[in-house]
Amino acid sequence: MIPPQQRSIETVDLTIAFGRGNQRRQVVDKVSFTLENGGSYGLIGESGCGKSTILRALAGLNSDYQGAILFANQELPPIRAKHFYRQVQMVFQDPYASLHPRKMVYNTLLEPLKLHRLDCHEDRITEVLQAVGLSNAFRYRYPHQLSGGQRQRVAIARALISEPSVLLLDEPTSALDVSVQAEILNLLVRMRQQRQLTYLMVTHDLAVVTHLCQRIAIMHQGKLLEELSADAVRNGLAHQAYTRQFLAASET
Ligand SMILES: Nc1ncnc2c1ncn2[C@@H]1O[C@H](COP(=O)(O)OP(=O)(O)OP(=O)(O)O)[C@@H](O)[C@H]1O
Ligand SMILES: [Mg+2]
């Protein structure tokens, strides 16, 4: 088990390009940031600026990148070892697409337990369902028998069941109804407190990011422009003109 004080995530000049030949386009450009252990870090910026691409590279879903990604102060190999996936879990925007349509909740939750050779399957499944606010009866449901909010609870339970230290959250509430959004956000806040989790969250919602994140980075066209506190974002106190415009335009 990695000691809690060493669970930070860091990127150094992370650079990612897609396509071949003259179609090749750089979508993440020398992005460096540090996500302190136990902290919550937000990534915001216009559509297509590279937020999800960064998360996917951190999660080990895309090994084709330049620069370095460090976890617990050690540089990670582009192809991650299995134990990394136990420590760092990702929650996607659309819980319907991210859950297998023909798998019961029980099997969705059992899979990571088997993969990581964890014991006490029944107890762990009961415990994690309870933690995300679903009764035990939900273990026999299929995704199409769940509401959007319930699906996202299952996706969060799946991420939590291997007892990770870091959650990568890619717009975890944007596919949900406004009233359900608040429930899921409260759940995420509670889970972070109870389990001392570290969060990296992508969202286009300023109210969400300032509620959940202590530090917030603003991206533009693949570059990380600047990093601000939640208070600075709330008050529009940015150093760069682009960021001020972006914050003003994003206010609802
Ligand atoms: N696998 C891929 N192949 C080619 N281009 C890609 C691929 N994945 C992403 N891109 C491109 O990289 C750019 C950044 O995409 P990304 O999904 O990271 O944006 P984003 O900031 O998450 O946007 P949004 O807020 O709309 O989700 C986009 O121009 C996208 O079209
Ligand atoms: Mg995205």
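Of all residues in the range 215-238, those being in contact with a strand residue (DSSP E or B) (Cβ under 8 Å, 6 or more places away or on another chain) and either under 21 Å from residue 14 (Cβ atoms) or of a type in the set (Asp, Glu) (or both) number 14. Filtered by the rule that a residue be within 16 Å of ligand 1 (Cβ to nearest atom), part of a strand (DSSP E or B) and more than 17 Å from the chain's Cα centre (by Cα), the range 35-91 gives 66, 67. Among the conditions (1) outside any strand (DSSP E or B); (2) within 11 Å of ligand 1 (Cβ to nearest atom), the only one that residue 17 does not satisfy is (1). Does residue 224 meet the test of being assigned to a helix (DSSP H, G or I) and closer than 19 Å to residue 48 by Cα? In short, no. Restricting the range 51-95 to residues that are in contact with a Pro (Cβ under 8 Å, 6 or more places away or on another chain) and loosely packed, with under 15 Cβ neighbours inside 10 Å leaves a set whose member that is farthest from residue 200 (Cα to Cα) is 64. Taking residue 103 as the residue in question, decide whether it is part of a helix (DSSP H, G or I) and either within 26 Å of residue 55 (Cα to Cα) or touching a helix residue (DSSP H, G or I) at 6+ places or on another chain (Cβ under 7 Å) (or both). Judged against the criteria, residue 103 is not a match. Determine which single condition residue 198 fails, assuming it passes every other condition in (1) buried (at least 22 other Cβ atoms within 10 Å of the Cβ); (2) within 20 Å of residue 45 (Cα to Cα). Result: residue 198 fails condition (2) only. Do we find that residue 169 is buried (at least 21 other Cβ atoms within 10 Å of the Cβ), touching a Ser or Thr at 6+ places or on another chain (Cβ under 9 Å) and on the phi < 0 side of the Ramachandran plot in this structure? Taking the combined requirement at face value, the residue satisfies it.
Residues checked against (1) assigned to a loop (DSSP other than H, G, I, E, B); (2) touching a residue at least 60 places away in the same chain (Cβ under 8 Å); (3) under 22 Å from residue 89 (Cβ atoms):
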position: 156; (1), (2), (3): no, yes, yes
position: 163; (1), (2), (3): yes, yes, yes
position: 182; (1), (2), (3): no, no, no
position: 207; (1), (2), (3): no, no, no
position: 219; (1), (2), (3): no, yes, no
position: 228; (1), (2), (3): no, no, no
position: 231; (1), (2), (3): no, no, no
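The lone criterion from (1) out of contact with any strand residue (DSSP E or B) (no Cβ under 8 Å at 6 or more places or on another chain); (2) within 13 Å of ligand 2 (Cβ to nearest atom); (3) of a type outside the set (Val, Ile, Thr) left unmet by residue 114 is number (2). A single member of 188, 197 is more than 16 Å from ligand 1 (Cβ to nearest atom), out of contact with any Ser or Thr (no Cβ under 7 Å at 6 or more places or on another chain) and modelled with pLDDT under 95, and it is 188. Within the range 96-109, the residues that satisfy the criterion of being surrounded by fewer than 19 Cβ atoms within 10 Å (Cβ to Cβ) and more than 16 Å from ligand 1 (Cβ to nearest atom) are 96, 100, 101, 102, 103, 104, 106, 107.
The values are calculated or read from the model by the stated rules, or taken from the named source; none is laboratory data. Because the structure is predicted, anything quoted here is derived from the model rather than measured. Note: ideal-geometry Cβ built from the backbone for every residue, glycine included; neighbour counts use all protein chains shown.
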